[in-house]
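One structure is given here, and the rest of the page talks about it.
The values are calculated or read from the model by the stated rules, or taken from the named source; none is laboratory data. All values derive from a computational prediction rather than experimental measurement. Cβ atoms come from the backbone with ideal geometry, glycine included; neighbour counts cover every protein chain shown. These area figures cover heavy atoms from the full protein model, side chains too; ligands, DNA and RNA do not enter into them. Shrake-Rupley method; radii C 1.70, N 1.55, O 1.52, S 1.80 Å.
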Amino acid sequence: MLGFISRKITTLGIIGAGQMGTGIAIVGANTAKLNVKIFDHSKEQNSRSVSFIDTWINRKISKGELKSGDEIKAKISHLTDLESVAECDFIVEAISENPDAKFKLFRHVSPIMKQGAILASNTSSISITKLAACAEFPQNVIGMHFMNPVPVMTLVEVIRGLQTSESTLKITLELAKSMGKVCTESQDRPGFIANRILMPYINEAIQVLNEGVASKEHIDTTMKLGTNVPMGPLELADFIGLDTCLSIMQVLHREIGDSKYRPSTLLVNYVNAGWLGKKTGKGFYDYKKKI
Ligand code: NAD
């Protein structure tokens, strides 16, 4: 059995270069000063991730918060082979919220990782214990749930699976701290803390829209001004990604088995139409520029 070997984390691997993976790469390189290797199976997504990092750097420079992006760029490599990422000391999986795709990836990547390396998942809702059961070393698997946008949001929810070791937990908490994050710890239950509470709220807002109770603008303004949050629920759903919202609701519905978690048919229809929110340019609102 592959056991844990205590050592310093110097290389951070990220699988999935979408909005979350790219954000984790930025804080890994900029705040924790780690060398980051990031992989996505889509070439276009790798290019989008590079442009996103450039845009982030330019914004920081224009605000006077960064002198140059050279150091960050030198620390982040976008790779086209998964094997090179598998060499890292700590890997964060941030691929789409699809249980079967994540199980498959864990089966594929864990046997080629180096001894003692940690495999964390940024999943929003999928059981860490189930993911760990697909890995060759379940004691080194953990949930590390960053919030979106990663460079801005301070929270990381840390989730221990049934077999996660104390050392894996300790190293994960230390890594998150070195990235400037504050951690909360959750039991391994569907949706953990954040999405168990947030997603039914978003789903209900979509249902309120579906039933014609109010327009999207009135729903968002009511919740924004009425509960003092920066974004209304529909705007937030577009920002998160409607595919991600639907996958989380499906996990909550299936795993908890209560009909109150049934995804709104409007959410299902939007995802079927390919209207996934900001990342595709259309969701509940229209976005001219893709991110
Ligand atoms: P995204 O759609 O922006 O990115 C997902 C990326 O994974 C895509 O670039 C896709 O090409 C890539 N991918 C899919 N399968 C792959 C595979 N087998 N190998 C390599 N790359 C693969 O999604 P995201 O919003 O970045 O979400 C990623 C993960 O983070 C999900 O598990 C999601 O639940 C979680 N998460 C999302 C948010 C959010 O607000 N969007 C917040 C916290 C956690």
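Some values worked out for this structure:
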quantity	calculated
Members of segment 211-246 found to be among the acidic types (Asp, Glu), part of a helix (DSSP H, G or I) and loosely packed, with under 14 Cβ neighbours inside 10 Å, listed by number	GLU217
Filter result for the condition that a residue is away from the ligand (no atom under 14 Å from the Cβ) and under 19 Å from the mean Cα position of the chain (by Cα), over VAL182, VAL251, VAL268	VAL182
Of residues in segment 252-274 being β-branched (Val, Ile, Thr) and touching a helix residue (DSSP H, G or I) at 6+ places or on another chain (Cβ under 7 Å), the one surrounded by the fewest Cβ atoms within 10 Å (Cβ to Cβ)	THR265
Test: residue in segment 181-202 that is open to solvent by less than 60 Å² (accessible area, probe 1.4 Å), over 20 Å from HIS145 (Cβ atoms) and outside the structural domain of VAL27 (by the TED database)	no
Of residues in segment 113-126 being assigned to a loop (DSSP other than H, G, I, E, B) and of a type outside the set (S, T, N, Q), the one farthest from the ligand (Cβ to nearest atom)	GLY116
Helices (runs of 4 or more DSSP H) fully within segment 53-112 counting 3 or more residues that are more than 14 Å from the ligand (Cβ to nearest atom)	70-75
VAL208 being of a type in the set (Val, Ile, Thr), assigned to a loop (DSSP other than H, G, I, E, B) and surrounded by fewer than 21 Cβ atoms within 10 Å (Cβ to Cβ)	no
Among residues of segment 24-47, those that are more than 8 Å from the ligand (Cβ to nearest atom), out of contact with any strand residue (DSSP E or B) (no Cβ under 6 Å at 6 or more places or on another chain) and part of a helix (DSSP H, G or I), counted	6
